[in-house]
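Participant: This is the structure I want to talk about, given as structure tokens.
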């Protein structure tokens, strides 16, 4: 019971964390692109766009960072047996992440936020690139740790039958890591570009700053199209790698109960196929596709759940080695089908760009605004597929989840913590969504009214001073506040 | 020196670094609601730590991750034993972390007040709970032979742990107030300076009690450790310097006081990492919790490369934002209605120049900073 609760808690907190992570990674990169455009072309529209999307980035980073803290503590809090057992391998990448990536990200983000008028343009641009690079580096260490749970490498069995790290490079040379990490980075770029596309499309539909938001729509599509295609390709290669090291994960994803020797079909949908139904009714079977997805060969053999179960029982002793077939089957399809739809959206956008009708094509803009919801569903499904598919193992072949939880933590403790997290996360999620929508719809600030005030001349514009914006800006200070720059960059900063 | 001893020392340094650096931003976070007379003051206070707090918090993250990697059994026992306290700490970190970003995002007094209070409460709870946790390591908890905690939540609230928490909160207040004297001007500055002196003299008996308890109370004899005496002297020095408006010295001394107060826990702990009150044989020690030497060797290489660079760029960030903050004068072109972004940018560069003047003023002051 308490292990189940601990799993629920870890699953909800990490899924929630990963709603924000890909937005951060993707948007940091895109904001860096925008600021680069400003630096090179000296066109103020790019500066305003960089700050506009920078604000959205920061709203996300705030939650991404604090929910990441939870993840780091939870290993020790809820999974003390696991932590004690594998800490010398698994803890290493986490500590490296802090030392080599997270310090960089946090410090330079602080400098970037407050440094718009303190640093030279070039130095300020360098800061956002450091942030963008550090977010990706950070993901690399986390993925190296996670991949070790999927496919443990680089260790020997020490005394007490405990894995001991003996080759740190193996962690970063792990095929599951190489494909999985690439997949995550691509998915993050897809996520970031869809957020940017959705916001741009919303503004284009309302004819607000068409010139500027057409540029971000184009940039986001230019990033989206190749990354979604690559993500699908890399994802399917990851499937082959996992088919090799975690065949049960793949068999369950296809609800394949009995081994199939070659030309295995892939079912688009199926009815049944759950725990007690070993002969599901396949709808729209696509001949040979499963063999290709799982092995890269049309005549590849795909092991069935029953055969694998028998093999594992012999190897690891009695027990159930089958993950939830329902979750595997459907999360794989939700992820893949949504990715395909987003790929089509990218093609549609590219076609609209080619016909110079991007800002006029009503349906495209409408769909592009709402498509952003799909990407979060897709990311979540991807993680469910890979993490639920690892069960019953917490570390494949080495330690079972059922044996990994903290003995001293009671069911009551976890009920309390789960409730606290749910309350905080729901509240913060609502606040985040509210702010993202509000700041996504905010006016960009117009250059038409203002001339080109990039440099010192900025103060000349506007209808005069507004005394004491700070003190008097209490409740009802006026709607103009809304149109302001990021409120965290008020006039009196440095 | 054995690698695992090196990592114990490094981890102690990370906790000390965390509590000195975040200590001042915790202090500012707690004080800002009271010291600020109006919204501008609050902005000045928050912006004085705005660029730094997140980078400072990474010290905590790394301190915890280093325990995980270098002393897995310590990490496993400590975090599972402290379960509900760690939960509270996480909640505090969460509500405080978002407050910086969200407070100014909606122009509504209730919204702002909410995040103002999450900042105050979070800034209080974090040093307090970290103090309780570190104090408990030294005081000891009921830990059984398997390294599992056998007490309840209330068992975590040991008197010494609570006093350590109070000490760290008071020292954070001292650090925060002396830091603010270095970053503000005008009325706000005068108020902060008075308050920092008061806090300084409150901190002296608190730290005196703490060092006596650490030493005598936990049975290490009567001859004080140099580090205990050092912590106490530093806090007395900070109080004295704050009273005589030697602001730079006051901040420096407060930082040393915090460093000494946290450092002494680790000095007293050595070679244990978590004392068991059940049986001394069950004590978690450096030796019985450390990772094998291969892991420690890899980590040593990483830290040797990373830490100097981290100090360099974090130092640079403090250098970039070294100036005092000042509120815009009444009637100066702060922000122009309807003008949107550009007016903001223009006014910012204006404020930038006045901050330069502030920086000059800073250079003229007494003290090392």
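The values are calculated or read from the model by the stated rules, or taken from the named source; none is laboratory data. These numbers come from a predicted model, not from an experiment. We place every Cβ from the backbone using ideal geometry, glycine too, and count neighbours over all the protein chains shown.
Participant: Counting only residues that are closer than 22 Å to residue A:40 by Cβ and at the interface with chain B (Cβ under 8 Å from one of its Cβ atoms), which one in region A:97-112 is surrounded by the most Cβ atoms within 10 Å (Cβ to Cβ)?
Facilitator: This residue is A:111.
Participant: Follow-up question, since we're still on this one. Condition (residue is touching a strand residue (DSSP E or B) at 6+ places or on another chain (Cβ under 6 Å) and not assigned by TED's automatic domain parsing to the domain that holds residue A:403) applied to region A:304-320: is it met by at least one residue?
Facilitator: No: region A:304-320 contains no residue that is touching a strand residue (DSSP E or B) at 6+ places or on another chain (Cβ under 6 Å) and not assigned by TED's automatic domain parsing to the domain that holds residue A:403.
Participant: Name the residues in region B:79-99 that are facing chain A (nearest Cβ under 7 Å) and in contact with a helix residue (DSSP H, G or I) (Cβ under 7 Å, 6 or more places away or on another chain), would you?
Facilitator: B:79, B:80, B:83, B:84, B:86, B:87, B:90, B:91, B:93, B:94, B:97, B:98
Participant: Something else now. Run down B:65, B:113, B:133 and say which single residue is crowded, with 22+ Cβ neighbours inside 10 Å and in a helix (DSSP H, G or I).
Facilitator: B:65
Participant: Residue B:105 versus (1) part of a helix (DSSP H, G or I); (2) within 19 Å of residue A:429 (Cβ to Cβ): which is the lone unmet condition?
Facilitator: (1)
Participant: May I pose another question? Taking only region A:77-96 into account, find how many residues are within 7 Å of chain B (Cβ to nearest Cβ) and touching a residue at least 12 places away in the same chain (Cβ under 8 Å).
Facilitator: 6
Participant: Moving on to the next point. Quick check on region B:100-124: of everything there that is at the interface with another protein chain (Cβ under 8 Å from one of its Cβ atoms) and in contact with a helix residue (DSSP H, G or I) (Cβ under 9 Å, 6 or more places away or on another chain), which residue is farthest from residue A:56 (Cα to Cα)?
Facilitator: Per the criteria, the residue is B:107.
Participant: For region A:102-125, which residues satisfy the criterion of being part of a helix (DSSP H, G or I) and farther than 24 Å from residue B:307 by Cβ?
Facilitator: Hits for region A:102-125 are A:113, A:114, A:121, A:122, A:124, A:125.
Participant: Could you pull out the residue among A:216, A:191 that is in a helix (DSSP H, G or I) and at pLDDT 95 or above?
Facilitator: Working: A:216 fails: at pLDDT 95 or above.
Answer to the selection: A:191.
Residues are listed down the side, and each one gets a yes or a no for (1) under 21 Å from residue A:234 (Cβ atoms); (2) within 19 Å of the chain's Cα centre (by Cα); (3) at pLDDT below 90:
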site	(1), (2), (3)
A:338	yes, yes, no
A:381	yes, yes, no
A:404	no, no, yes
A:409	no, no, yes
A:416	no, no, no
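Participant: Could you check how many residues of region A:377-411 are more than 14 Å from every other protein chain (Cβ to nearest Cβ) and assigned to a helix (DSSP H, G or I)?
Facilitator: The number of residues fulfilling the criteria is 14.
Participant: Is there a residue in region A:53-65 that is under 26 Å from residue A:2 (Cβ atoms) and either within 16 Å of the chain's Cα centre (by Cα) or not assigned by TED's automatic domain parsing to the domain that holds residue A:433 (or both)? I'd like the intermediate steps shown before the answer.
Facilitator: Our first condition is that a residue be under 26 Å from residue A:2 (Cβ atoms); within region A:53-65, this holds for none.
No, there is no match, as no residue in region A:53-65 is under 26 Å from residue A:2 (Cβ atoms) and either within 16 Å of the chain's Cα centre (by Cα) or not assigned by TED's automatic domain parsing to the domain that holds residue A:433 (or both).
Participant: What number goes with the only condition from (1) surrounded by fewer than 23 Cβ atoms within 10 Å (Cβ to Cβ); (2) within 24 Å of the chain's Cα centre (by Cα) that residue A:217 does not pass?
Facilitator: So the condition that residue A:217 fails would be (1).
Participant: Considering region B:26-58 alone, what residues qualify as being more than 22 Å from residue A:66 (Cα to Cα), within 8 Å of another protein chain (Cβ to nearest Cβ) and part of a helix (DSSP H, G or I)?
Facilitator: The answer is B:39, B:40, B:43, B:44.
Participant: Exactly one of these conditions fails for residue B:98: (1) in contact with a strand residue (DSSP E or B) (Cβ under 6 Å, 6 or more places away or on another chain); (2) within 30 Å of residue A:441 (Cα to Cα). Give me its number.
Facilitator: Looking at each condition in turn, residue B:98 falls short on (1).
Participant: Further question: With touching a helix residue (DSSP H, G or I) at 6+ places or on another chain (Cβ under 8 Å) and free of Cβ contacts under 8 Å to residues at least 24 places away in the same chain as the only criterion, which of A:72, A:105 stands out?
Facilitator: Numbers: A:105 fails: free of Cβ contacts under 8 Å to residues at least 24 places away in the same chain.
Of A:72, A:105, the one residue that is touching a helix residue (DSSP H, G or I) at 6+ places or on another chain (Cβ under 8 Å) and free of Cβ contacts under 8 Å to residues at least 24 places away in the same chain is A:72.
Participant: In a helix (DSSP H, G or I) and in contact (Cβ under 8 Å) with a residue 40 or more places away in the chain: which single residue out of A:238, A:290 fits that description?
Facilitator: On the way: A:290 fails: in contact (Cβ under 8 Å) with a residue 40 or more places away in the chain.
On inspection, the qualifying residue turns out to be A:238.
Participant: Write out, first by first residue and then by second, each pair whose Cβ atoms fall under 8 Å of each other, whose residues are 6+ apart or on separate chains, and whose first residue, in region B:310-322, is facing chain A (nearest Cβ under 8 Å) while the second is assigned to a helix (DSSP H, G or I) and surrounded by fewer than 18 Cβ atoms within 10 Å (Cβ to Cβ).
Facilitator: Matching pairs, first to second residue: none at all.
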